[in-house]
Every structure is written in structure tokens, then in C-alpha cells.
Amino acid sequence: MRLSEKRWIKLARQSNHHGEQAARLYLSGYYEIAMKAADRAIRAASKLHKSDRGDRDVVEVLADHLRNRAETQSSWVRTPDVWNTASARRLIKGGIADATRALSLFEKLVAAPGAPFPVRPAEVRLTLSELHQMAGDLTRARELAESAIADYRRHCDTDDRDTLLKFARALSRYADVVTAADATDDALAARRRSIELSRPDAGQDGWLWTTRFDRHLIWLSSQTLERFCLTASLFAAQLGPADSAAAEALLALQDAAEGYAGLIEPTLLPSDPFRGASNALERQADRLNAVDEPELAEAYLTARAALGTPRRHEVVTRLRAPLEKVVERLVAEQGTHQ
């Protein structure tokens, strides 16, 4: 039975209010409170959907709330206080249920010609793959990840910055899933491509950098810049100590150090950008010592002391120019040896 207009409007307002609240709390790392807001948003949207299952706007809103709750559960499971506890198993199970239902709703929506958000099912499928990975079902996790990234490739081959950044983020998440499934070569290639797509927007004058404190753009600013830093750090670690990988690793660690330095206070993130920057600088010093650059290595260690000052990003960024000269030398030497 169709709800009265007054009841409909009231539920729609509740759905929108609690849904936005849940999303912001999730992005800020307040997972327990975010879950409560998400529960309220889903209850309100479910009542609207039950009243009129043919309303595409309601279906989209409900699917989005379910997706957000699944992602909240996925992130909450990874926190130290929850991982490997009975609560983790409950959250993983709940996340899989939410993501599965959201995926079904989104797939019906995008089946119509000209439907918006063609990659939305791929986004949910990627979340579902991460949850199956945490549940220990690596085969299913990889199947879902491969399917998701194939959809991204079909829909994200454009020059649109926002689309490419979403693809870059997806490649980074895909790499994490297939790494757990021992597909290390695929993971390395995905992280390399993710960095290539993100790097133009992640530098000091790039869009991610200039908008990192804009709360209205938080999903494509602070969070995406943070994911870029993590990807660059993991990519450098995966390259290992071989001389042939030194140049790529040095540039990736510089990317990570600069990005993390820019995300230290006042940006509110669930991760620890200070630790991320410090680790990147220390690892960079080790790699520079390995390629006979002790003076520059010492400069990177000195830069760690500046991370607690307002000049932290300036200090770290100034190291890029001398680092690029080292990279040029390494590339030239590698070419000579080939």
C-alpha cells in the first residue's frame, strides 16, 4: 500500500539525513556510530521501497545505504580492536549480506538503457570481494575482483579526471585482493597503473592536493590521496631491493612521503599519516644508501624530524629534485648494462 505523502516525506528526510550522517562518520573512521546511523537510514529507505518497489530513486538510495553499511563493516573489521574477534566474523557476515543485496539492486538499475552510474555494481562487487577475502574464501574473492576490474576497464577508459581517479582507487583495492590470492604479478601491474593514473593529481599542484581539506569533496580528495600514498608505499615494498626496480621504488616512496606529509593534521583520517610519512622517509633512506647516496639518505632521515612542524610538506617536497637526479642516474646506468 502506497504511503501517505506526509509519511513518505518524513521517511525520505530520515533516509537522507541518516544516510549522509553515516557516510561522513564512516569517512572519518567512527565506524560504530556510523553503523547506527546506517541502520536508521536503511530502515527508512526500506519502508519507502516496500511502499513502491518501482520507484528507481528509492531503489538507488536503498542500494547506496546498503553499500555504505557494507563498506563500514569492511573497514571496521580491519581495526586492531576488532580483527580476529567474534565481532569480526559477525561484521564480515553482515557486510557480505549488505553488499550482496546492494549489488542485486544496482544490477537491476543499470540494466536499463542509459542508466546512470554504470560502474556502481563494480564498486559493490569490489567491496564484496574484500569481504570474501577476509572470510577466507580467496577463490570467490578473486573471481569478484576480476569481474569488478573488468567492468571498470570497460567504463573508465576516458579522459575524465574523476572517472580515472575512481579507476585508480579500484586498481589499488583489486591489487590488495589478488595479493592475498598470491597473484603477485597481477597486483604489481595494478598498483603500477594505479599510481600512473593518480600521480598527476596527487602532486603539490594537483587536484587531490589542492582539495584535500574540502569536506564537500572528501571522497575524492583526502581519502583518495590517502589511498594513493598507501598504493605507492606497497608498490615500493613489492618491488624489492633489486637494482632494476630502484628508480621506480624511489619515486613511489617520494610520492608516499609527500602525500602523507600533506595529510597530517588537520585532516581527520582513520589511518595515521604521520606514521606513513615517517616510514616512507626511513625506507627511502635505506634505498638511497643501497645505491650509494649517503648524503641524500641522511637528508631524508633529517626530514623525519620536521614532520611535527608546519614546514613538514615543504621540507619533504624539496627532496624530490635531488631524488630525481639520482633516478636519472640509475635509469642511465641500467640502460648501459642492458
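How many residues does the range 50-77 hold that are without any contact (Cβ under 8 Å) to a residue 40 or more places away in the chain and open to solvent by 20 Å² or more (accessible area, probe 1.4 Å)? Result for the range 50-77: 5. The criterion of at least 3 residues that are out of contact with any Gly (no Cβ under 6 Å at 6 or more places or on another chain) and closer than 23 Å to residue 14 by Cα is met, among helices (runs of 4 or more DSSP H) falling completely within the range 26-139, by 31-51, 56-77, 86-110.
In summary, residue 15 fulfils each of the numbered conditions (1) within 24 Å of residue 224 (Cβ to Cβ); (2) buried (at least 17 other Cβ atoms within 10 Å of the Cβ); (3) hydroxyl-bearing (Ser, Thr, Tyr) with the single exception of condition (1).
Listed by first and then second residue, the pairs linking a residue in the range 1-14 that is under 12 Å from residue 45 (Cα atoms) to a residue that is open to solvent by less than 100 Å² (accessible area, probe 1.4 Å), with Cβ atoms under 7 Å apart and 6 or more places separating them unless they lie on different chains, are 8/48; 11/44; 11/48; 12/48; 14/44. Between 194, 147, the distinction of being open to solvent by less than 30 Å² (accessible area, probe 1.4 Å) and of a type in the set (S, T, N, Q) belongs to 194 only. Among the residues of the range 279-305, those that are among the acidic types (Asp, Glu) and part of a helix (DSSP H, G or I) comprise 282, 286, 295, 298. Whether a residue is within 23 Å of the chain's Cα centre (by Cα) and either on the phi > 0 side of the Ramachandran plot or not aliphatic (A, V, I, L, M) (or both) was assessed, and residue 60 passes this test. Out of 26, 30, one residue alone is open to solvent by 40 Å² or more (accessible area, probe 1.4 Å) and of a type in the set (Phe, Trp, Tyr). It is 30.
If you take the residues in the range 169-195 that are of a type in the set (Lys, Arg) and at pLDDT 95 or above, which one is farthest from residue 239 (Cα to Cα)?
Out of the qualifying residues, it is 173.
Looking only at residues in the range 306-337 that are in a helix (DSSP H, G or I) and among the basic types (Lys, Arg), the one that is surrounded by the most Cβ atoms within 10 Å (Cβ to Cβ) is 312.
The values are calculated or read from the model by the stated rules, or taken from the named source; none is laboratory data. Note that the coordinates shown come from a computational prediction; the quantities given were computed from them, not determined experimentally. Cβ coordinates were reconstructed from backbone atoms using ideal geometry, including for glycine residues, and neighbour counts include every protein chain displayed. The protein model used for the area step is the full one, side chains on, heavy atoms only, and it has no ligands, DNA or RNA in it. Shrake-Rupley method; radii C 1.70, N 1.55, O 1.52, S 1.80 Å.
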